[in-house]
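Asker: Here it is: the structure, laid out below.
Bear in mind these aren't lab numbers, they're just calculated from the coordinates by the rules spelled out. None of these values were measured; they are calculated from a predicted model. Ideal geometry is used to build each Cβ from the backbone, glycine not excepted, and the neighbour counts take in all protein chains shown.
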Amino acid sequence: MKKDKIIEISGLTKTYQQGGEQILVLDGISFEAFRGEFVSIVGPSGCGKSTFLNILGLLDSSYGGSFKIFSMEPASMSEEEKAALRLKKIGFIFQFDSLLPEFTAFENVELAAMMAGRPSKRASMELFSSFSMEKLMNKNPREISGGEKQRIALLRALRNSPSLILADEPTGNLDHNNALKVLGDLKKACSLGACVITVTHNLSLAESFSDRILELREEKLFTLK
Ligand SMILES: Nc1ncnc2c1ncn2[C@@H]1O[C@H](COP(=O)(O)OP(=O)(O)O)[C@@H](O)[C@H]1O
Ligand SMILES: [Mg+2]
């Protein structure tokens, strides 16, 4: 069976302008990712991991080279088209707490569906129960731990059944046990068919969860596993 290609990149370059200078961050990167795959990208701080993930997530459109996502070229899409694609097909998880503190955990998750025009309290409840997190539903983000918040943020990212999940150091602020839980949840999302791409500092955790590990080093991407 032909594998479903989610991302296809070749010769990707990215430079930032700083003062009068050009800083090269990505230098001719090629990369592919498929449905059901768990891919980790490791590399030291400042090597360009977030830059790369932002391009994959259609948050940054100033790059060179060829980038296709879901067989479409973001370079030829309008901002509205990209926003719609982000909302419906891409789930994001960031390192730092991003839940809205004035809403409950449940509302934070259901809001994602409302924004996509597909509200269903029942579907949100089912999501909480399939990840055994019913107990957290009615809690305010202020009342729950960092690890729990990250797991709720993941449910929110999963709420619209995205085909692609992008996680930027999702376990960066968590202890080992909570990191394992979050990665276990991501792995489950992956087994349900999503393509998961995470960026991490932690190579040993990446090794136990990933199908593939790539290292971003000196502006290039290398395969480690
Ligand atoms: N908006 C920006 N303008 C200029 N330089 C930037 C900008 N964002 C990131 N950089 C630089 O690009 C490099 C890569 O940053 P980043 O992608 O955040 O790395 P990582 O996520 O691996 O820590 C760093 O040297 C950083 O200082
Ligand atoms: Mg980063």
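Asker: Give a residue-ordered list of calculated ³J(HN,Hα) values for segment 10-22 (Karplus: 6.51 cos²θ - 1.76 cosθ + 1.60, θ = phi - 60°; whole Hz; x for Gly, Pro).
Answerer: The phi angles translate into 9, x, 6, 10, 9, 10, 9, 8, 9, x, x, 9, 9 Hz.
Asker: What distance in nm separates the simple spin-label points at SER10 and GLU32, each placed 7 Å from Cα in the Cβ direction?
Answerer: 1.0
Asker: A further question on this structure: Taking the 0 to 90 degree range and rounding to the nearest ten, how far is the long axis of helix 146-158 tilted relative to the main principal axis of the chain, both from C-alpha atoms?
Answerer: Around 80 degrees separate the two axes.
Asker: Beyond a 29 Å Cα-Cα separation, which of these cross-linked pairs lie in this structure: LYS89/LYS188; LYS49/LYS225; LYS49/LYS188; LYS14/LYS181?
Answerer: Over 29 Å apart, Cα to Cα: LYS14/LYS181.
Asker: Nearest 10 degrees is fine. How inclined is helix 79-89 to the longest principal axis of the chain, computing both from alpha carbons?
Answerer: The angle comes out near 50 degrees.
Asker: How far apart, in nanometres, would the label points at ILE23 and SER71 be if each is projected 7 angstrom from Cα along the Cα-to-Cβ direction?
Answerer: According to this spin-label approximation, the distance is 3.9 nm.
Asker: Which three extents, in angstrom, do the Cα atoms of the chain have along their principal axes, listed largest first?
Answerer: Largest to smallest, the principal-axis extents are 49, 47, 38 Å.
Asker: Could you tell me the center-to-center distance, by alpha carbons, between segment 84-128 and segment 136-187 in angstrom?
Answerer: 12
Asker: Right, here's the next one. Top mean-square fluctuation among ALA194, ALA179, ALA123, Gaussian network model of the chain, C-alpha springs under 10 Å?
Answerer: Its mean-square fluctuation being the largest, the pick is ALA123.
Asker: Still on this model: Considering Cα pairs under 8 angstrom that are at least six residues apart, work out the relative contact order of segment 53-109 and quote it in whole percent. Show your work: numbers first, answer last.
Answerer: Numbers: 20 pairs, mean separation 14.2, N = 57.
Dividing the mean separation by the residue count of segment 53-109 yields 25 percent.
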